[in-house]
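The values are calculated or read from the model by the stated rules, or taken from the named source; none is laboratory data. A quick note: this is a predicted structure, and the numbers were derived from the prediction, not measured. Every residue, glycine among them, receives a Cβ derived from its backbone with ideal geometry; neighbour counts consider all protein chains shown.
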Amino acid sequence: MKNSKLTLAIFLALVFGVIVGWLFPEFSIKLSPLSKIFLNMVKMIIAPLLFSTLVVGIAGHGDIKSLGKIGLKTIIYFEIVTTLALCIGLFMGNWIQPGAGFDTSGDLSSEMKAVEHMATINPHNSLSDMFIGMFPTSVIKSMADGNLLQIVIFSIFFAVAICGVGKVAKPVMDVLNSTAKIMFKFTEYVMYFAPVGIFGAIASTVGLNGISVLKNYAKVIFCLYGALAIFVFVVLYGVCLIARIPFWKLMSALKEQILLAFSTTSSEAALPKSMEILEKFGVPRNIVSFVMPTGYTFNLDGSTLHLAMAVLFSTQIVGINLNLEQQLVMMVALMFASKGIAGVPRVSLIVLAGTLTTFNYPVIGVAILLGIDHILDMGRTTINLIGNCIATTVIARWEGQFDDNKMQHYISRSSRRKALISRIKANKKALNA
């Protein structure tokens, strides 16, 4: 019942945020601190939760060799799925051609200045820089910056060292076990503030951009969300069928986190609770703690798909028609450039601007997309979350460690809870009658 009330509160916050942002735009813009406070609360959870769960998951099982197999399977899965996302983005961009006939006569001077700055940001000068950046010089700095991949690398080495020293490390393991349980309870408390944060995020966004922004950019928004829907119902649903994972049951379990990611445009906001749900759903802790944060670096399905379409949009509005070879070359460049920078604000636009500049294409398309980036980000962030949750369950099944009994228990408990709520509502109606 507690979960159902929170889901309802999140949905109502989403609806009221749109209404308030539309009717009272000046007031709504001032509500943005509510979402920032909530996101800061979530970010303070991630580092200790991720560190404690990953170390306990690896060192608690004592099977270091299995981690190498899990890592290899994870990267293989990520590359296959992100390639499919890339292909769908290219297909929709070539079919619908969202940039064809787009009016570029508006004043974009302020946006162009922002884009020119984005184009100078080069997260990785080379592939070697990307791999060097995976290894932290200070884990404290990694935690402060929210660099999930660096925290994962440190946690793996720490867990291996615990296994190496044996029984001497038992007090440390006890502390980390307790820390993990505390952080899950901490996450539950923070989630009570989710409706407030979502209300502030949506109201300020609508208040700043206005409802009319949806009509002006309808073709672009439709193209992206249509492509994301195809990716979910063809690729991700198909993967679940192959892996024998009940797709709709998993989506039902994650519905609050999906709404949270959609409304706040923050994958991090949904990460702690999603990890807890996946563990209850039957995925072992060591796989959850490894695959989920790694996916936020290497498996950004929604962002990859969006980049494919955004490149075509940016060239179409200036009359440049890329042939298939040019499209593939640019997509390969984008896939490498986007790895490892999930924590950078407006990451997709930064990568897009830098890549277009590298290939000597105009960046005016980035300036146009800047106006609706928040709306586009809502969709791609949600798919990033869903894709990583499904990846985690698939890797567990692939490793033969998925607990079907635990999943069935979770599903049946949820069904009983829904049935109980329905009976309570029916009894209330009967009493009122």
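Data for the structure
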quantity: Residue 290, sole failed condition from (1) closer than 29 Å to residue 150 by Cα; (2) in contact (Cβ under 8 Å) with a residue 12 or more places away in the chain; (3) over 17 Å from the mean Cα position of the chain (by Cα); calculated: (3)
quantity: Filter pass, residue 206 being under 28 Å from residue 304 (Cβ atoms) and either touching a strand residue (DSSP E or B) at 6+ places or on another chain (Cβ under 9 Å) or in contact (Cβ under 8 Å) with a residue 12 or more places away in the chain (or both); calculated: yes
quantity: Answer from 238, 210, 226, 282 - the residue that is at pLDDT below 85 and surrounded by fewer than 23 Cβ atoms within 10 Å (Cβ to Cβ); calculated: 210
quantity: Selection from the stretch 25-38 of residues that are surrounded by 15 or more Cβ atoms within 10 Å (Cβ to Cβ) and over 10 Å from residue 204 (Cβ atoms); calculated: 38
quantity: In the stretch 289-311, the residues that are in a helix (DSSP H, G or I) and aliphatic (A, V, I, L, M); calculated: 291, 292, 305, 307, 308, 309, 310, 311
quantity: The stretch 251-284 - residue that is of a type outside the set (Ser, Thr, Tyr) and touching a Cys at 6+ places or on another chain (Cβ under 7 Å) and, of those, nearest to residue 39 (Cα to Cα); calculated: 254
quantity: Pick from the stretch 122-155, criterion modelled with pLDDT of 70 or more, loosely packed, with under 12 Cβ neighbours inside 10 Å and in a helix (DSSP H, G or I), ranking: nearest to the chain's Cα centre (by Cα); calculated: 144
quantity: Test: residue 249 is of a type in the set (Lys, Arg), at pLDDT 85 or above, part of a helix (DSSP H, G or I) and surrounded by 15 or more Cβ atoms within 10 Å (Cβ to Cβ); calculated: yes
quantity: Among residues of the stretch 293-330, those that are under 23 Å from residue 234 (Cα atoms) and aromatic (Phe, Trp, Tyr), counted; calculated: 2
